[in-house]
Structures are given as structure tokens and as C-alpha cells.
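Participant: Okay, handing you the structure first.
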Amino acid sequence: MAFVRIPGILKKIYPGLTWNIRGGARVLYLTFDDGPTPDITDQMLSILARYNARATFFCIGRNAERHPEILRRIMDAGHAVGNHTYSHLKGWYTPNPEYYEDIELASQFVPSRLYRPAYGMITPGQISYLKQRFQIVMWDVMSYDFDPTTPKEKCLSNVIRYARPGSIIVFHDSLKASTNLLYALPRVLEYFGEKGFDFKGVGPR
């Protein structure tokens, strides 16, 4: 989904997905995909602690399996975690039995009822099946920190320009995204913190 801010039409087509969270006048929901990653995730935890912010980490199962101590630090710091598949499979191109098995495997290492599809790629049938067990969390603002062609200043401006109260914002605690992430995240926290915003984790409904 190549949008910085998700168009309203997509939210209407897929109303059963969590795109943003209403009800918080000045609350933003930071999310981090693809970790846990040694060093990078720990730096994110330090930055979030500095601003007394909570977030949600959508973890790839194989990374959680390799680094359970980082996953434990995430949860011990009061952040939420979510399932992001075990192998980062694309739902559009993966047979359903293989896709569900991969998600189930991730569940063995990431204890959560939250689920985010890798790349945002999920079919209506997969949504129907997975909603029986998970709250499927998408987003409405993408920082594009993962894109090496996107300047770090642009990642910051993407969030500042498009985030609204209740927005779910995507960053990535991965090596590929680290340069953009380490630049943009503290500045996002400072900018919105000065405007009286709180940062919370996504909780299951």
C-alpha cells in the first residue's frame, strides 16, 4: 500500500480492520514492525522511555525466537507486542494453509491477540479467518523509514504532516530503517509531546 496516509475509501472497504483508534483527543499510537532487532530495538526502548511514551511492537516470529530477551525487555517496559507472521510472508501470494501455519508458529514466540499482516497484504478471506482470533491492526500513517530512497527529513515530515489524534503510525525497528528511524522518532516524540499528545500502545478490543 504505497500511501503515506491511508485513503478513507480503504477504511470503508475494510471496516473490520483497525486503521486508527477513536476517542483519544490527543493520543497517538506508534508502532514498530519487523523486530526485535539487536541494538536497534534497545535504542527504541531508550528513546521511548526518555519521553515516557508507550508503543506497540509487531514482531516477526523468527526474530522473537532468536532474541527472546529483547522481546521480554519490550514487554517489561510496558509496551504492547503483536504478531507480524513468523517469516514475513505476503498474504496475497501465500496459500492460506501455509499463511495460517506461519502465523501460528509466530504465536509460539509472540504472545498477543494483535496481528499486522506483512506489507499490509491480506485477502478478504484471510481477514475473515484471522478475525476469529486476532484484532488485525493496520495503520493510517506510514513514515516510510524503511525506504532508503526516502530522506530522513521526509520521514519526519510524513508523520508531522499527516498524523491526527488517534492515528496509528508505522516505523520499523530494523537495520534497514535505522538511519531514518533514529532521526525521525525522537523528533516526532518531541514535536507532538510539546503539543500535549500522549503515546500509547494498541490494546486488543
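Participant: Check the chain and count each lysine pair with an alpha-carbon distance under 24 angstrom, considering only pairs eight or more places apart or from different chains.
Facilitator: 14
Participant: State the extension gain, in nm to one decimal, for the chain segment bounded by residue 73 and residue 152, taking 0.36 nm per residue of separation less the distance between their alpha-carbons.
Facilitator: Details: separation 79, 0.36 × 79 = 28.44 nm, distance 2.71 nm.
Here the segment from residue 73 to residue 152 would lengthen by 25.7 nm.
Participant: Taking every pair of Cα atoms in the chain, average 1/r, invert it to obtain the Kirkwood radius, and report Rg/Rh to two decimals.
Facilitator: Details: Rg = 15.7 Å, Rh = 16.8 Å.
The Rg/Rh ratio comes out at 0.93.
Participant: ³J(HN,Hα) across segment 140-147 via Karplus (A = 6.51, B = -1.76, C = 1.60, θ = phi - 60°), whole Hz, x for Gly/Pro?
Facilitator: Calculated HN-Hα couplings, in order: 10, 9, 10, 6, 6, 5, 6, 8 Hz.
Participant: For segment 24-126, what is Rg from Cα atoms divided by 2.2 N^0.38 Å, rounded to two decimals? Could the numbers behind the result be given before it?
Facilitator: Working: Rg = 14.1 Å, N = 103, 2.2 N^0.38 = 12.8 Å.
Here the Cα radius of gyration is 1.10 times the empirical estimate.
Participant: Continuing with the same structure: Can you bin every Cα-Cα distance in segment 1-76 into 5 Å intervals starting at zero and give me the percent of pairs per bin, rounded to whole numbers?
Facilitator: The calculated distribution, bin by bin, is 3, 12, 20, 18, 16, 15, 12, 3, 0.
Participant: For residue 127 paired with residue 65, estimate the spin-label separation in nm (one decimal), with each label point 7 Å from Cα along the Cα-to-Cβ line.
Facilitator: About 3.0 nm, to one decimal.
Participant: Spin-label point model (7 Å from Cα, Cβ direction): what's the residue 39 to residue 52 distance in nm?
Facilitator: For the pair residue 39/residue 52, the computed spacing is 3.2 nm.
Participant: Let me ask you something else. State the Kirkwood hydrodynamic radius of segment 62-184 in Å, one decimal place, computed from all pairs of distinct Cα atoms. Intermediate results must be reported in sequence, preceding the final value.
Facilitator: Working: mean 1/r = 0.0638 Å⁻¹.
The answer is 15.7 Å.
Participant: Net charge near residue 133: determine it from the other residues with C-beta under 12 Å of the C-beta of residue 133, scoring Lys and Arg +1 and Asp and Glu -1. Please report the intermediate quantities before stating the final value.
Facilitator: Details: positive: 113, 131; negative: 104.
Net charge around residue 133: +1.
Participant: If you don't mind, another one. Would you please put 198-204, 30-36 in order of how densely packed they are, using the mean number of other Cβ atoms within 10 angstrom per residue and starting with the highest? Show your work: numbers first, answer last.
Facilitator: Details: 198-204: 16.9, 30-36: 26.9.
Going from most to least packed, we get 30-36, 198-204.
Participant: Taking a virtual spin label 7 Å from the Cα of residue 179 along the C-beta vector, which residues in segment 33-73 bring their backbone nitrogen under 15 Å of it?
Facilitator: none
Bear in mind that the values in this text are calculations on the coordinates, not laboratory data. Since we're looking at a predicted model, the values are computed, not measured. Neighbour counts run over all protein chains shown; Cβ positions are idealised from the backbone, glycine included.
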